[in-house]
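Please treat every number below as a calculation from the coordinates, not as lab data. Bear in mind the structure is a predicted one, so any value in this text is a computation, not a measurement. Counting neighbours? That spans all protein chains shown, and the Cβs are built from the backbone with ideal geometry, glycine included.
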């Protein structure tokens, strides 16, 4: 009689080296997932506290739950004379084979993050080298241990695979969304929105995160494509999967660096992983130049490279001989990677006012303050307009104000008041409401960047109809996105 030790691999933690190739059976599952709008991932790792758990294949059906697949290489010749018996302490379940440890860690992570642990989990075996007819000729003890309804054979038709998966009960009242499940389990692919709620990455973002950078590469990514958060996840994933490694991220300003550092802390806190944040170095160009060449990590990510001086970029490219470098939005020859999906804000309004700019600005600010906090409102203007408007604000509205400096560290700035910025890049901030008072003097690229970064409403006040105002009106007047 064959002992359970022969089947011990069925219950042990899998090793990362056991990669699932895209065999015909795997292709069937991926085609099925595409047709049914399932979410499927192969060779995936779940990180939790200081541990990591490897899954050969998982699938999420939002109407039913999560499916875990194990791939076994057993052939008929290996099993035809085998008899097996369950260990005395082996628990049984109608919905599982015996992957209880993996189920427990999934439920534990979801309970810690989302405070629920009732996600249905179903387990199946993928038998690449065994067909259904051969299974029927195995000893009954083997069939009892691994019931046929939980096995997908090398010759199982795609329609039958779907039928097996759909034996699980539909729960339409409590759908298991990808953001709730995958966005909390697979932290390497999880962005956090403005409310720190998990948003699961799209396929392009996941491809960037998974990709190993070799030599000099480039990424083209428009604003609101999630590029900066995707780079941060890429850095985290690299450190998690390359032991004793570091990643260096370069941002244009001190403020941009500080905001990205806060994002890093938020992601690590959400992920519930043991992670040394010092393994990700976030620096400005000036800070980068102070780093010894021998101390520069093997992976360097340069965000918004189009905003840097060309001499600095050339230095980075020269450095590439010793480190792998990814430049974002800096075209070398052709872009190696692209992020094309842009996430628009819901119903953002853009309104133009031909009026006295200070009087109209006071009315707009007073109206916005009735339903919004002061720090959710940003005023973009030149220095003279700022000074004049601040005097009126102190007299009429008595609201505190702050001047935003992209060159000052975040700890030295107060962002809980009305925020004034000069006619320049508003950096990493995403205001809820934006007032633009001197558009005719500002760089068009900076104006459009500011509009893109604003979530709810943009108010453009002008006293004279100039060519630049006309151009903005043609593009944005009565615009909602």
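Arrange the following residues from fewest to most other Cβ atoms within 10 Å of their Cβ: 383, 228, 241.
On the way: 383 12, 228 22, 241 15.
Listed from fewest to most nearby Cβ atoms, that is 383, 241, 228.
Could you tell me which of rounded, prolate or oblate describes segment 178-266, using a ≥ b ≥ c as the square roots of the eigenvalues of the alpha-carbon gyration tensor, with rounded for a/c under 1.5 and, failing that, prolate when a/b is larger than b/c and oblate otherwise?
Values: a/c = 1.36, a/b = 1.14, b/c = 1.19.
Judged from the Cα gyration tensor, segment 178-266 comes out rounded (a/c under 1.5).
Counting other beta carbons within 10 Å of each residue's own, what order do 378, 127, 444 fall into, fewest first?
Values: 378 22, 127 26, 444 12.
So the ranking, lowest neighbour count to highest, is 444, 378, 127.
Listing 283, 213, 461 from the residue with the fewest other Cβ atoms within 10 Å to the one with the most, what is the order? Let's see the in-between values first.
Values: 283 16, 213 21, 461 24.
Lowest count first: 283, 213, 461.
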